[in-house]
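The values are calculated or read from the model by the stated rules, or taken from the named source; none is laboratory data. Bear in mind that the values here come from a model prediction, so they are computed numbers and not experimental data. Quick reminder, even Gly has a Cβ in these numbers, built from the backbone with ideal geometry, and neighbours come from all protein chains shown.
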Amino acid sequence: MKPIRFVMIGGFLGAGKTTAIGRLARAYTDAGLRVGIVTNDQAYDLVDTKSLRAQGFRVGEVPGACFCCKFDDLVETAAALSADERPDVIITEPVGSCTDLVATVIEPLRHLHGDLYEIAPLAVLLKPEHGRKILGGATGGGFSPKAAYIFLKQLEEADVVAINKVDKLSAAELDELLALVGERFGDKQVLAFSARDGTNFDAFQEAVGRTQAEHRKMMPVDYDIYAEGEAELGWLNCSIEFSQPKDDASGGGEFSLDELLVDFVKRLGRALANDGAEVAHLKILGQAGSDPAIANLTSSDGPAELSLASEIRTDTAQLVVNARVAVDPEILAQVVEAEAACLARDYNLSCDITGLQHFRPGRPLPTHRVTD
């Protein structure tokens with residue numbers, strides 16, 4: 001039986017992994033291949049999973065810790081995708097604050113399940129918003145040196161470094177990034193593309209379409225710095241329902257779902273910036289019936305963006321909020337609750353927050369780790 005192709009696409013929080021995976025999965029599907037996707041998060045109720053399922057893909061989720069710490073769950077989830085119809089390709093999306101994936105996921109998978117899987121090169125997406133700052137030597141690029149350490153280690157272990165979001169970069173900015181990557185990681189295959197508009201996507205698809213030979217040398221990782229860098233990020237997931245009060249004739253009536261999401265992201269970004277908190281990724285999915293919309297913010301000094309438009313008006317909407325911010329999670333929860341209440345008041349809506357999870361990630365404890 002032909003092995004299933006195993007593709008892992010890593011990169012820092014907000015690098016555009018989910019958009020790239022969606023485009024790649026669609027390309028494979030259009031070519032007649034069966035595709036399964038496995039997402040991963042430290043918490044439960046993940047926007048990425050809902051977004052990819054809304055696009056019609058078969059998606060399994062490994063919540064509660066990184067793939068490295070839940071290796072057996074990853075294997076079981078991938079196997080479950082084969083229960084009804086065996087996929088030709090499984091694409092996996094690790095947590096954006098995770099590194100050391102070659103030693104703790106890819107090579108253990110090869111050694112333990114190499115008869116089932118054909119391993120693709122590890123592609124790591126470079127996030128321009130923080131990449132230029134961190135690679136350029138700015139102090140932390142908005143993060144502490146320990147959090148920046150994770151960003152750099154992700155690039156160091158990559159087989160392919162893919163600079164994403166070139167549609168947002170000037171020619172000079174792209175040249176600067178290419179030079180910075182070349183100076184530090186001259187031995188890597190480096191390419192630039194846009195997962196959003198498809199610019200040079202063929203090159204990215206070709207790069208991850210190769211078969212990767214066994215890695216003979218593992219990257220050194222200081223797990224103390226790694227753990228402390230991850231723990232500086234506040235993690236928050238929750239669900240929020242905004243609706244017109246049924247017993248209040250002065251309610252705001254129908255509202256634009258897209259405008260509500262963008263407004264909410266802008267308010268959260270401003271409030272967090274006022275607290276001196278650097279946003280790694282803030283993503284909100286909103287739904288009214290079967291019509292989803294997604295708004296996000298990928299750095300404190302960047303714009304709020306509508307990455308998926310619903311173009312609908314509604315009197316009620318269910319939101320899923322995923323926030324990854326360099327701030328105390330208690331402060332993050334207070335900001336989300338306060339800004340949700342203000343948004344509801346300004347739109348004359350009621351607001352109900354449920355399933356609130358806020359915490360700092362725990363120390364990574366890999367199930368397996370291959371040495372040289």
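Structural remarks
- Taken over the range 335-368, residues that are among the polar types (S, T, N, Q) and under 23 Å from the mean Cα position of the chain (by Cα) amount to 3.
- Total residues in the range 289-324, condition surrounded by 21 or more Cβ atoms within 10 Å (Cβ to Cβ) and of a type in the set (A, V, I, L, M, F, W, C): 9
- Hits in the range 30-48 - residues which are free of Cβ contacts under 8 Å to residues at least 12 places away in the same chain and either assigned by TED's automatic domain parsing to the domain that holds LEU282 or at negative phi (or both): ASP30, ALA31
- From the list ALA43, ALA27, the lone residue that is surrounded by fewer than 21 Cβ atoms within 10 Å (Cβ to Cβ) and in a helix (DSSP H, G or I) is ALA27.
- The residues of the range 252-264 that are in a helix (DSSP H, G or I) and either touching a residue at least 40 places away in the same chain (Cβ under 8 Å) or outside the structural domain of GLU337 (by TED's automatic domain parsing) (or both), listed by number, are LEU257, ASP258, LEU260, LEU261, VAL262, ASP263, PHE264.
- Filtered residue count, the range 209-232, keeping only those that are touching a helix residue (DSSP H, G or I) at 6+ places or on another chain (Cβ under 7 Å) and among the aliphatic types (A, V, I, L, M): 4
Quick grid of which residues meet (1) charged (D, E, K, R); (2) crowded, with 19+ Cβ neighbours inside 10 Å; (3) not in a loop (DSSP other than H, G, I, E, B); (4) not assigned by TED's automatic domain parsing to the domain that holds LEU46:
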site: GLU183; (1), (2), (3), (4): yes, no, yes, no
site: PHE204; (1), (2), (3), (4): no, yes, yes, no
site: ARG210; (1), (2), (3), (4): yes, no, no, no
site: ALA213; (1), (2), (3), (4): no, no, no, no
site: LYS217; (1), (2), (3), (4): yes, no, no, no
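- Taking the range 311-342 as the range and being under 19 Å from HIS281 (Cβ atoms) and among the small types (Gly, Ala, Ser) as the test, the residues that pass are ALA323, ALA326, ALA333, ALA340.
- Tally of residues being on the phi > 0 side of the Ramachandran plot and more than 19 Å from the chain's Cα centre (by Cα) across the range 142-172: 0
- Criterion: under 20 Å from ALA326 (Cβ atoms) and among the polar types (S, T, N, Q) - qualifying residue of SER256, SER300: SER300
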